[in-house]
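Here the structure comes first, spelled out in structure tokens, and everything after it is commentary.
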Amino acid sequence: MTERMRESLSALLDDEANELELERVLSHIAENDDLRQAWVRYNAVRAAVSGHQLAYMKLDISSQVQQVIAEQRTPSAAQTATSLRQRFLRPVASLAIAASVAATVVIGGQQLAQIGGAQSYGNSQAVAASASPVGLVNSLGATTVQASYGTQTVPVLRPATRTAYQQLARQRMQKYMQEHAEQAALNSPQGLIPFARVPRIRE
Amino acid sequence: MLQNLLGHRCLHVLLATMSVAMVGVASAAVCPGADATALSWLDKMSRSVRQVSYNGVVTLQRGDDMQVMQISHSVGEGTISERLTELTGQGAQVERADHPVACIHPGHKLLRVGADLQVGRCGIAQHYRFSVTDGERVAGRKAVRIRIEPRDMYRFGYVMELDRETALLLQAETVGRGSKTLEKFQFANLSYSGQILGGIEVNLVHEAQHPHPRTAATSAAPGDAWSVGWVPGGFASTDTPVGSSGRRTYTDGLAVFSVFLEQLGREIRPGEGVVRRGSTLSYTRGMHLAGRPVLITVIGEVPVNTARMVADSVDWTR
């Protein structure tokens, strides 16, 4: 996966992608395994964090997304697809598309985890090991998806688990911050200031 | 006598950096958008801490929280000694004595792109956009302001104010998405003399560590060695990674993040957690690597997106 593609992917996830980036991802996702797996992994963890409940959405959103894009691209607009002007003229439409693409892939990620037998999603091994019955990929003609996948309830990371991870991140900050500061103090412009970020300095 | 020696050394290095700056102007075309003046200030800033002695009071603001500390920094003959004393909060003191002037760590090397620009090695200018304007007055000193905007979404932006005379970093603001200030550090007062204020009650003294190259190279149990498969462009290792040791740290000269891996003795429900404090992020992710449950934590001054992608790329070394 190229650096550029990573950026586009990342932008899509944060709903910050412009149309060019969206098109870049859409045009490569069908033939690029790496990209597809990265999509699924990033979205699975993102969904875990935000706790989005997406259980009742259908899997065919992506075809709708493609349709929206197709409708938007009038012949004259297609010629200026790369112009800055166009990118600024239709930011709202782009965001909406990006959001629905993201939502589609989240569903794929969740289901993959389910197929892999994991108790909850976010398990990158299960995701990477499986074939890719991902909604978005399917709509681009890569694989067939069983209809039942879209109607099953999707496991969502339990609130208790989410809280536990939050706690874990807080504990790890306490535990590792000083070791990080030792390095930061030697490798950033502020000198010893990084130590002031350490919650509790140990001798 | 010492003062004379220092003065002489300063002049010498200042002349050297000025010539570097001029080379930069001539070659800006090689690296599109690289502001040679800004880059030469950055270069000077990274050298200033090896040239001038100073002490002063610094504030560090992170959200509602403000910490006040005293900094003293003295450049001796061939070595630098520095000390940070917290005047609020824990009241800890951190010291680094006799750090060799010649010992330049990767983060500072990355800030010195001057001579490399002309041969097309744009370094940090590839990842940030720099611009220079007149600065405010900070701690009674006239400053020059450098705006540093990231060219991608993997790092934060900065607004730095440098002393017009010495290029010392007087103030730095870390700017996140939506121009939000995440952290601001600044000198409240500053003196270039060597006098240190006394009478401070210190609760604890910590000696800052210094990496000892290659001495700690414990042999990793086969299969326990791990590596980070991806870091954003421009980030380099801060020290030689040691096989199975639990930490890897990377810097692009301005931002630093560390990756920690813990092997878990029992199963874990996969997931992730995020905690932020000012510009610092702690991102913890539980997952399986080749069937083995691990906890990966990324701590540093980077956006959550960067931390997530870095954690995602960790794997056993095969």
Query raised in the report: Considering every Cα-Cα pair within region B:9-207, what fraction, in whole percent, is farther apart than 24 Å?
Result: 45 percent
**Report entry** Net charge over other residues, Cβ less than 10 angstrom from the Cβ of B:TYR283 (K, R count +1; D, E count -1)
**Finding:** +3
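Nearest 100 Å², what total accessible surface is buried between chain A and chain B (probe 1.4 Å)? Show your work: numbers first, answer last.
Numbers: alone 12280 and 16680 Å², together 22950 Å².
Protein heavy atoms only, the A-B interface buries about 6000 Å².
Averaged over B:293-305, how many beta carbons belonging to a partner chain fall within 10 Å of each residue's beta carbon? Show your work: numbers first, answer last.
Values: counts 0, 0, 3, 1, 8, 4, 11, 5, 5, 0, 2, 3, 7.
Counting other chains' Cβ atoms within 10 Å and averaging over B:293-305 gives 4.
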Report summary line: Quarter of the surface of the C-alpha convex hull for region B:246-297, i.e. direction-averaged projected area in nm², equals 4.3 nm²
Report task. Per residue of B:281-291, count partner chain C-beta atoms within 10 Å of its C-beta, then hand back the mean as an integer. Result -> 5
Report summary line: Once the in-chain neighbours fewer than 8 apart are removed, the lysines whose Cα is under 21 Å from B:LYS109 read B:LYS44
Query raised in the report: In peptide B:262-271, how many Cβ atoms from other protein chains are near each Cβ within 10 Å, on average?
Result: 5
Report task. Would you mind listing how long region B:24-120 runs along its three principal axes, going by Cα atoms, in whole Å with the largest first? Result -> 49, 39, 19
Report task. Rounded to the nearest Å, what's the spacing between the alpha carbon centres of region B:148-192 and region B:100-144? Just the number, please. Result -> 12 Å
Query raised in the report: Taking the Cα centre of each part, how many Å lie between region B:271-311 and region B:29-79?
Result: 29 Å
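The values are calculated or read from the model by the stated rules, or taken from the named source; none is laboratory data. Because the structure is a prediction, the values reported are computed rather than measured. When we count neighbours, we look across all protein chains shown, and the Cβ atoms used for this are built from the backbone with ideal geometry, even at glycine. Surface areas here come from the heavy atoms of the whole protein model, side chains and all, with no ligands, DNA or RNA. Shrake-Rupley method; radii C 1.70, N 1.55, O 1.52, S 1.80 Å.
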